[in-house]
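Okay, so here's the structure we're looking at.
Laboratory data are not the source of any read-out in this text; all were calculated from the coordinates shown. Note that the coordinates shown come from a computational prediction; the quantities given were computed from them, not determined experimentally. Here the Cβ positions follow ideal geometry from the backbone for every residue, glycine too, while neighbour counts run over all protein chains shown.
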Amino acid sequence: MSGGETRTVLEALSIAVSAGVPTLLWGSPGTGKTSAVVALADSLNWPIEVVIGSIREPSDFAGLPVIFDGAVRLTPPAWAQRLATAGHGLLFLDELTTAPPAVQAAMLRVVLERVVGDVRLPDKVQVVAAANPPEEAADGWDLAPPLANRLIHLNWPVDGRQIARGLAVGFPAPSLSGFAQPPSREQVVEARASVAAFLEVRPMLALRVPSSDGAPSRGGGGQGWPSPRSWEATAKLMAACEAAGAPSDVLAVLVTGAVGEGAALEFLSWLEHLDLPDPAAVLANPDAFDLPHRSDRAFAVLTSVVAVAVSAGDADRWDAAWRVIAKAARTAPDVATLAARTLAGHRPPGAAIPSALLELTPILRAAGLLGD
């Protein structure tokens, strides 16, 4: 492993944390995963709570039942109360593969919803975990698919030369590139449109639950897999990478960690050849726009154009989006119908009925958006 791979993973970790996507570092024992997470918290000046799965009970995450004023409350542990009081910070779930299935099940709401007992952790509390491969962990367990699907999986690299340099002159500080600039609304909607367009082409990849015989496993699984949840996380990470100016290898690591290697390879290859125009530029000059011939590109362009127009919420861009849809309807009426349905439901206050609607009347009536 090279020092470049370490930097890539550190930057990917930074971007995932900044985007609020729970992340898991996989690596052998004693390779510096915990030190990297603690260093990230120190660099951000955030409090960090380290919770080790092997020494916890389900009640440490689901809450301990306590009778109070005649009602049962689920009291959170002290670490959750400290994070709730601080209002921000890192929850670091260490040695995740040493947690037995019952404890993993109790972690589900903590990882996804940040709910511990009857307390909801603030939105600025982010979740990072670390794990050894089950065959290297003490009494190790694979992650159950529901818990694995709630995490972005990053493989922690080990580079002998990098370790030697770190021991001599200090280990590299974690990248904070993901915190420099949050993604814009346009970047978010473009990322979501790209993921949606890909799933239009490859709908079978929208959900691929890992096969299981139903018994808890002790080796060989627990990585990311495609689901609506992990594709939504992919869109968030794409937008965060775009805002941070992250290189393509960082995006590749994050997408692979979200949906697994096979789906990621297909998506990244498709994305590389997509070559979409900037939706803001299309709205600025709709009469110069030409709809791509490929159906997936046409869907992605129209989806992102409509999303940008809706998020902007002004009459000019709403009208421009109708002109784009009217042009698209001449060659791709099915795609234009989907875009028109979304745009029709988000008319800005004071916006006049656009002239482009006259050209679109037949497809709008076919879509049930106009009366007879």
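Using the Karplus equation 6.51 cos²θ - 1.76 cosθ + 1.60 (θ = phi - 60°), what ³J(HN,Hα) coupling, rounded to whole Hz, does each residue of the range 284-292 give in order, writing x for Gly and Pro?
Each residue of the range 284-292 in turn: 6, 9, x, 5, 8, 7, 10, 5, x Hz.
Quick one: among ALA41, ALA284, ALA193, which has the greatest mean-square fluctuation in a GNM of the chain with alpha-carbon springs under 10 angstrom?
Checking each option, the largest mean-square fluctuation is seen for ALA284.
When Kirkwood radius over Cα pairs in Å is calculated directly from the model, which label among (i) 22.7; (ii) 21.8; (iii) 20.5 fits?
Given (i) 22.7; (ii) 21.8; (iii) 20.5, the calculated one carries the label (i).
What residue among TRP231, TRP46, TRP322 shows peak mean-square fluctuation when the chain is described by a Gaussian network model with Cα springs under 10 Å?
TRP46
Residue by residue through the range 330-341, which ³J(HN,Hα) values in whole Hz follow from phi under the Karplus form 6.51 cos²θ - 1.76 cosθ + 1.60 (θ = phi - 60°), with glycine and proline marked x?
With coefficients 6.51, -1.76 and 1.60, one gets 5, 10, 9, x, 5, 5, 5, 4, 4, 5, 5, 4 Hz.
Please enumerate, by chain and number, the aspartates and glutamates with C-alpha under 12 Å from the C-alpha of LYS327, excluding those fewer than 8 residues away in the same chain.
Here the aspartates and glutamates satisfying the reach criterion relative to LYS327 are ASP287, ASP290, GLU359.
Among ALA233, ALA62, ALA351, which one moves the most in a GNM of the chain with springs linking Cα atoms closer than 10 Å?
Sorting by GNM fluctuation, first place goes to ALA351.
Cα gyration tensor of the range 279-366, axes a ≥ b ≥ c as square roots of the eigenvalues: rounded (a/c below 1.5), prolate (a/b > b/c) or oblate?
Details: a/c = 1.59, a/b = 1.20, b/c = 1.32.
Taking the square roots of the gyration eigenvalues as a ≥ b ≥ c, the range 279-366 is oblate.
What is the local net charge at ARG150, summed over the other residues whose Cβ is closer than 14 Å to its Cβ (Lys, Arg +1; Asp, Glu -1)?
Summing Lys/Arg as +1 and Asp/Glu as -1 gives +2.
What list of ³J(HN,Hα) values in whole Hz, one per residue of the range 88-105 in order, does the Karplus curve 6.51 cos²θ - 1.76 cosθ + 1.60 (θ = phi - 60°) give from phi, with Gly and Pro shown as x?
Per residue, the Karplus-derived 3J(HN,Hα) values read 7, x, 10, 9, 9, 8, 8, 6, 5, 7, 8, 7, x, x, 5, 6, 4, 4 Hz.
Which residue, chosen from VAL9, ALA300, ASN285, occupies the Cα position most advanced towards the positive end of the dipole of the chain, where the dipole is computed from +1 (Lys, Arg) and -1 (Asp, Glu) charges on Cβ about the Cα centre?
Working it through, the farthest residue towards the positive pole turns out to be ASN285.
Let me have the relative contact order for the range 279-366, percent, based on Cα pairs under 8 Å that are six or more residues apart.
Taking the mean separation of contacting Cα pairs over the length of the range 279-366, I get 31 percent.
Work out, step by step, the length gained on full extension between VAL201 and LEU265: first 0.36 nm times the residue separation, then minus their alpha carbon distance; give nm to one decimal.
21.6 nm
Under the rule that an exposed site lies in a DSSP loop and has at most 16 other Cβ atoms within 10 Å, name the longest stretch of the chain with no GluC sites (Glu not before Pro) of that kind, not counting the sites themselves.
137-372
Please give the helix 3-18 orientation as an angle from the longest Cα principal axis of the chain, in degrees from 0 to 90, rounded to the nearest 10.
With both axes taken from Cα atoms, the answer is about 70 degrees.
Hey, can you grab everything whose amide H is under 5 Å from the amide H of LEU64? Only 5+ residues off in sequence or another chain; H modelled, so Pro and N-termini drop out.
Answer set, sorted by chain and number: THR75.
Loop by DSSP (not H, G, I, E, B), at most 16 other beta-carbon atoms within 10 Å: where is the longest site-free stretch of the chain for trypsin sites (Lys or Arg not before Pro)?
The longest uninterrupted stretch comes out as 1-123.
Please give, to one decimal in nm, the separation of the simple spin-label points placed at SER248 and SER43, each 7 Å out from Cα toward the Cβ.
Label-label distance for SER248 and SER43, simple model: 2.5 nm.
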